[in-house]
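The structure appears right after this line, and notes come after that.
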Ligand SMILES: O=c1ccn([C@H]2C[C@H](O)[C@@H](CO)O2)c(=O)[nH]1
Ligand SMILES: [Zn+2]
């Protein structure tokens, strides 16, 4: 899928964000290996810490529909530069997406940072770490 289109859709889907507290809508579009798109927005709560970010919404939607193989991710917000995913999302992205998978971060002014999953979270804790303790 064309990365410009993915980023445009990430910008547009922000309309569906539920952000009465932060008033900071974020949109994410996750592309599967076979070209299907899963859209996500941030969803907040009166108990503030219950907020779910756009990136995790998109990933959880896709995984709960049976998807396990992903090709790219775009994220958009009204930030000065390209939006920067939070630590929790970086960990969840690393769980499901290949280290070399492209991630397109953008804002509303056309600023784009093209990065990868492993660049977003170098040295991620992973399933490999769990295997070491389980070896005994
Ligand atoms: O990459 C990001 C960064 C922040 N947020 C959300 C969490 C919260 O709802 C609001 C303000 O932090 O933005 C996302 O969805 N994705
Ligand atoms: Zn996040």
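The values are calculated or read from the model by the stated rules, or taken from the named source; none is laboratory data. A quick note: this is a predicted structure, and the numbers were derived from the prediction, not measured. Cβ atoms come from the backbone with ideal geometry, glycine included; neighbour counts cover every protein chain shown.
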### Query
From the residues in segment 21-35 that are loosely packed, with under 14 Cβ neighbours inside 10 Å and over 18 Å from residue 79 (Cα atoms), which one is farthest from ligand 1 (Cβ to nearest atom)?
34
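Give 51, 33, 74, 46 a once-over and let me know the one that is within 16 Å of ligand 2 (Cβ to nearest atom), more than 19 Å from residue 112 (Cα to Cα) and at pLDDT 95 or above. Explain how you work it out, then say what you get.
Details: 33 fails: within 16 Å of ligand 2 (Cβ to nearest atom); 74 fails: more than 19 Å from residue 112 (Cα to Cα); 46 fails: within 16 Å of ligand 2 (Cβ to nearest atom).
Just a single option satisfies the conditions, and that option is 51.
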### Selected residue [within 16 Å of ligand 1 (Cβ to nearest atom) and part of a strand (DSSP E or B)] from 113, 61
113
### Of all residues making up segment 79-106, the number that are more than 14 Å from the chain's Cα centre (by Cα) and either within 13 Å of ligand 2 (Cβ to nearest atom) or surrounded by 14 or more Cβ atoms within 10 Å (Cβ to Cβ) (or both)
1
### Message
So in segment 3-44, with the set limited to residues that are in a loop (DSSP other than H, G, I, E, B) and in contact with a helix residue (DSSP H, G or I) (Cβ under 9 Å, 6 or more places away or on another chain), which one is nearest to residue 67 (Cα to Cα)?
### Response
36
